[in-house]
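Read the structure below first, then the notes.
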Amino acid sequence: MAYVITRTFIIYIALIASMRLMGKRQVGELQVGELVVTLMLSELAVLPVTDRRIPVIHSVAAILLLLSVEVIVSFLETKVGFMKKLLGGSPALLIDRGRIRTDQLSAHRIEAEELLSELRLKGVFDAGEVKYAVLEENGKISVLTDGTFARAAVVDGKVQEAGGPEAEAALRARGIPPEDVFLMTGDGEGRYTAFLRRRDGLTDVVKWDAGRGEGQG
């Protein structure tokens, strides 16, 4: 019995350390790759506890290897654009300016009743009141009934698909190099908010309306 308790305690400590290193976001909102890692970790944790023939060190080594792969993949997702889309997917616009995107519903195998159910869970009981609905990377649906929908135009100095040439032109007009931008959002109507890097780890915020030629920093 003491042997089993000892092995269980060692695996428990290894799993706790792994989850802590993965970070709060991964623990709270599992994406596809993270879910796979979690399932594999649970399997690796159980085997040495139930089978004495498997050395604990083998399980701990496998857990550390799996954790290392997850950390490397997470880093690549933040630095390599196509890796993020390939491994983590990208948000999908289900309702755009009050119009339901049936093509996106079909692509993600979401039925009309399921969409209505998700809207009700967000406190919206009339689909006609929804201005934007977005299927997020973690499978949850975000709903906006009023206001503008600002999408990521520039992330970590790289112009995103949602930003396109318009975002680059907006930055050039203000003399801001894309590499100086940590994050910039745009609402598709010429209104932008840019968070510019600073040496102290903070960001300066610049907002402007390209359509009206207005701006503030």
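The values are calculated or read from the model by the stated rules, or taken from the named source; none is laboratory data. Please read all numbers here as calculations on a predicted model, not as lab measurements. Every residue, glycine as well, gets a Cβ built from its backbone with ideal geometry; the counts of neighbours run over all protein chains shown.
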| Residue list for the range 109-126, restricted to those being among the polar types (S, T, N, Q) and surrounded by 14 or more Cβ atoms within 10 Å (Cβ to Cβ) | none
| note | Within the range 118-137, the residues that are touching a residue at least 24 places away in the same chain (Cβ under 8 Å), hydrophobic (A, V, I, L, M, F, W, C) and part of a helix (DSSP H, G or I) are 119, 127
| Give me the pairs: first residue in the range 49-71 and outside the structural domain of residue 37 (by TED's automatic domain parsing), second residue surrounded by 12 or more Cβ atoms within 10 Å (Cβ to Cβ), beta-carbon distance under 7 Å, and six or more apart or on different chains, which are they? | none
| remark: Only one of (1) under 30 Å from residue 100 (Cβ atoms); (2) over 22 Å from the mean Cα position of the chain (by Cα) does not apply to residue 163, and that is (2)
| request: Taking the residues in the range 52-99 that are acidic (Asp, Glu) and within 29 Å of residue 187 (Cβ to Cβ) as candidates, determine which candidate is modelled with the lowest pLDDT. | output: 77
| message | Can you find a residue that is exposed (fewer than 15 other Cβ atoms within 10 Å of the Cβ) and modelled with pLDDT of 90 or more anywhere in the range 127-141? | response | yes
| task | Evaluate the range 168-186: report whether one residue or more is charged (D, E, K, R) and either in a strand (DSSP E or B) or under 30 Å from residue 100 (Cβ atoms) (or both). | result | no
| remark: Only one of 196, 115 is farther than 18 Å from residue 91 by Cβ, among the hydrophobic types (A, V, I, L, M, F, W, C), free of Cβ contacts under 8 Å to residues at least 40 places away in the same chain and outside any loop (DSSP other than H, G, I, E, B), namely 196
| query | In the range 158-167, which residues are assigned to a helix (DSSP H, G or I) and either among the charged types (D, E, K, R) or in contact with a Pro (Cβ under 8 Å, 6 or more places away or on another chain) (or both)? | reply | 166
| request: Would you check which residues across the range 118-142 are within 11 Å of residue 98 (Cα to Cα) and either β-branched (Val, Ile, Thr) or under 21 Å from the mean Cα position of the chain (by Cα) (or both) and list them? | output: 130, 132, 133
| field | Top-ranked residue in the range 95-108 [being closer than 24 Å to residue 147 by Cα and touching a residue at least 12 places away in the same chain (Cβ under 8 Å); ranked as surrounded by the fewest Cβ atoms within 10 Å (Cβ to Cβ)] | value | 97
| task | Tell me which of these residue 161 doesn't satisfy, since it passes every other one: (1) loosely packed, with under 14 Cβ neighbours inside 10 Å; (2) modelled with pLDDT under 90; (3) not assigned by TED's automatic domain parsing to the domain that holds residue 181. | result | (3)
